Amino acid sequence: MTTLRDITEALRGALDGQAGLDKTLKLDLRGEGMVFIDGSEVSNDDRPADCTVSVSTEDLVALTQGRLDPMNALVRGRMRVTGDMSVAMRLQPILSRSKG
């Protein structure tokens, strides 16, 4: 089972040595916690962000492993994005590097 700590550490590893995001992004894991990305810094803070992606832990893992297409997740309601959609679009390469 993937925990909030596992996800947070995987995202830290994916951003290590990378440029990161130039805006803030929050992953709302639907009751299981938050992951906040500010540039290349990753925490579990619940702060306002330029973009919030609401997704279950299970679906987030499926996204990182390429088993769930982000557009399909949006259309089917398995993922919801509020705020700056361009920030959300820059999340996919980071998720791919995190190796779910």
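The values are calculated or read from the model by the stated rules, or taken from the named source; none is laboratory data. What you see is a predicted model, and the numbers here were worked out from it, not measured in a lab. Neighbour counts are summed over all protein chains in view; Cβ atoms, including those assigned to glycine, are modelled from backbone coordinates with ideal geometry.
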Those residues of the stretch 73-100 which are polar (S, T, N, Q) and modelled with pLDDT under 95 amount to Ser86, Gln92, Ser96, Ser98
Mind listing just one residue for me: the one in the stretch 2-26 that is farther than 16 Å from Thr57 by Cα and polar (S, T, N, Q) and, of those, modelled with the lowest pLDDT? Gln18
Six or more apart or on different chains, Cβ atoms under 7 Å: show the pairs whose first residue is in the stretch 22-47 and closer than 19 Å to Met89 by Cβ and whose second is acidic (Asp, Glu) and crowded, with 16+ Cβ neighbours inside 10 Å. Lys23/Asp50; Lys23/Asp84; Thr24/Asp38; Thr24/Asp50; Leu25/Asp50
Just to verify a result, which residue in the stretch 16-26, among those that are buried (at least 19 other Cβ atoms within 10 Å of the Cβ) and hydrophobic (A, V, I, L, M, F, W, C), is nearest to the chain's Cα centre (by Cα)? Leu25
Test Glu9 against the criterion of being surrounded by fewer than 14 Cβ atoms within 10 Å (Cβ to Cβ), without any contact (Cβ under 8 Å) to a residue 40 or more places away in the chain and touching a Gly at 6+ places or on another chain (Cβ under 9 Å), and give yes or no. no
Test Leu29 against the criterion of being surrounded by 13 or more Cβ atoms within 10 Å (Cβ to Cβ), modelled with pLDDT of 95 or more, within 18 Å of Ser96 (Cα to Cα) and touching a Ser or Thr at 6+ places or on another chain (Cβ under 6 Å), and give yes or no. yes
Of all residues in the stretch 55-69, count the ones that are over 11 Å from the mean Cα position of the chain (by Cα) and small (Gly, Ala, Ser). 2
Looking only at the stretch 70-100, and only at residues there that are loosely packed, with under 14 Cβ neighbours inside 10 Å and of a type in the set (A, V, I, L, M), the one that is farthest from the chain's Cα centre (by Cα): Val75
Does the stretch 22-33 hold any residues that are part of a loop (DSSP other than H, G, I, E, B) and under 23 Å from Thr3 (Cα atoms), and which are they? Leu29, Arg30, Gly31, Glu32, Gly33
Cβ-Cβ under 9 Å pairs, at least 6 apart or on other chains, the stretch 63-83 side farther than 19 Å from Ser98 by Cβ, far side of a type in the set (Gly, Ala, Ser) and in a strand (DSSP E or B): Arg80/Ser54; Thr82/Ser54
